[in-house]
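Participant: The following block contains the structure, expressed as structure tokens.
The values are calculated or read from the model by the stated rules, or taken from the named source; none is laboratory data. All values derive from a computational prediction rather than experimental measurement. Note: ideal-geometry Cβ built from the backbone for every residue, glycine included; neighbour counts use all protein chains shown. Just so you know, the surface numbers come from the protein's heavy atoms only, side chains and all, with ligands and any DNA or RNA stripped out. Shrake-Rupley method; radii C 1.70, N 1.55, O 1.52, S 1.80 Å.
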Amino acid sequence: MVHFTAEEKSTILSVWGKVNVEEAGGEALGRLLVVYPWTQRFFDNFGNLSSPSAIMGNPKVKAHGKKVLTSFGEAVKNMDNLKGAFAKLSELHCDKLHVDPENFKLLGNVMVIILATHFGKEFTPDVQAAWQKLVSGVATALAHKYH
Amino acid sequence: MVLLGERKRKDLSLYFLQLTRLLVVYPWTQRFFDNFGNLSSASAIMGNPKVKDHGKKVLTSLGEAIKNMDDLKGTFAHLSELHCDRLHVDPENFKLLGNELVIVLAKYFGKEFTPQVQAAWQKMVAGVAIALAHKYH
């Protein structure tokens, strides 16, 4: 089980407090679909994903991105029990959505990059390290119920 | 790639020294730098002169990648052999360094680091990681 120090928790919370979940969610999912184009296969019914600008402007991508990031907010509130917090979503992604769990790491990566673009200098190595730990904990938790 | 003008490329050299972030964010990578002195904390690492020097060396080498995007394997053949035969570096670490580079670029360029720019750079760093692993046996 991943363990966060008090400092790491406070770093994560302080960054999260400044994140606009709606905007960042759309951006995160959009970037995933642009940078790792094979992930588009999970979003067949999202309409126009034919170019980066189509993807980034797609309203379904934005809406779903917001949903994904709101869910990520649960991780931030439950850093001591990520596996419990994501148990149901893990089952959903395995049993119904059939998503390769490697993709959770890709999304985590994209999130770290978005934070870097938004926070610039404030995104120090310590802040980055805390967030990489969180996204990797979330990826592990989302893969936990796979069978 | 062409979105990075010459001026910005020079400014980047300072930020690229922050490749030392690799040692902070992925602490196990410190094992390859035993003789670098004080790596006991994030600030010690970021201020360590040997780390800065070596970061500059690594980045100069990455500059070769940018000049030789059509032949990354050829460009990095010698370095690949070095990292396998003498330095014994797990090639997984090349992907981590590539990741750090993308994050530093994101930090530096902010909004300009659009999804398309990110995609191009991720392709580049993945290519470099593969090229560096190519001569492993």
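Participant: Could you list all residues from segment A:91-116 that are more than 19 Å from A:ALA24 (Cβ to Cβ) and buried (at least 20 other Cβ atoms within 10 Å of the Cβ)? Break it down into steps so the answer makes sense when it comes.
Facilitator: So in segment A:91-116, the residues more than 19 Å from A:ALA24 (Cβ to Cβ) come out as A:91-102.
Matches in segment A:91-116: A:HIS93 only.
Participant: On the basis of being more than 14 Å from chain B (Cβ to nearest Cβ), closer than 26 Å to B:MET46 by Cα and either within 14 Å of the chain's Cα centre (by Cα) or surrounded by fewer than 15 Cβ atoms within 10 Å (Cβ to Cβ) (or both), does A:GLY47 make the cut?
Facilitator: Values: more than 14 Å from chain B (Cβ to nearest Cβ): yes; closer than 26 Å to B:MET46 by Cα: no; either within 14 Å of the chain's Cα centre (by Cα) or surrounded by fewer than 15 Cβ atoms within 10 Å (Cβ to Cβ) (or both): yes.
Spelling it out, it is not the case that A:GLY47 is more than 14 Å from chain B (Cβ to nearest Cβ), closer than 26 Å to B:MET46 by Cα and either within 14 Å of the chain's Cα centre (by Cα) or surrounded by fewer than 15 Cβ atoms within 10 Å (Cβ to Cβ) (or both).
Participant: Out of the helices (runs of 4 or more DSSP H) lying entirely within segment B:48-137, which hold 2 or more residues that are within 26 Å of A:LEU115 (Cβ to Cβ) and within 14 Å of chain A (Cβ to nearest Cβ)? Even if it seems obvious, please write down each step before you answer.
Facilitator: Values: elements: B:49-67, B:72-75, B:77-81, B:92-109, B:115-133.
The helices (runs of 4 or more DSSP H) meeting that bar are B:49-67, B:92-109, B:115-133.
Participant: So which residues in segment A:31-79 are free of Cβ contacts under 8 Å to residues at least 12 places away in the same chain and either outside any helix (DSSP H, G or I) or among the acidic types (Asp, Glu) (or both), if there are any at all?
Facilitator: The answer is A:ASP44, A:ASN48, A:SER50, A:SER51, A:ASN78.
Participant: Can you find even one residue in segment A:70-86 that is more than 14 Å from chain B (Cβ to nearest Cβ), open to solvent by 20 Å² or more (accessible area, probe 1.4 Å) and of a type in the set (Lys, Arg)?
Facilitator: The first filter runs over segment A:70-86 and keeps only residues more than 14 Å from chain B (Cβ to nearest Cβ), leaving A:70-86.
Within this subset, residues satisfying the condition of being open to solvent by 20 Å² or more (accessible area, probe 1.4 Å) are A:70-71, A:74, A:77-78, A:80-81, A:83-85.
Now drop any that are not of a type in the set (Lys, Arg), which leaves A:77, A:83.
Checked segment A:70-86: at least one residue is more than 14 Å from chain B (Cβ to nearest Cβ), open to solvent by 20 Å² or more (accessible area, probe 1.4 Å) and of a type in the set (Lys, Arg).
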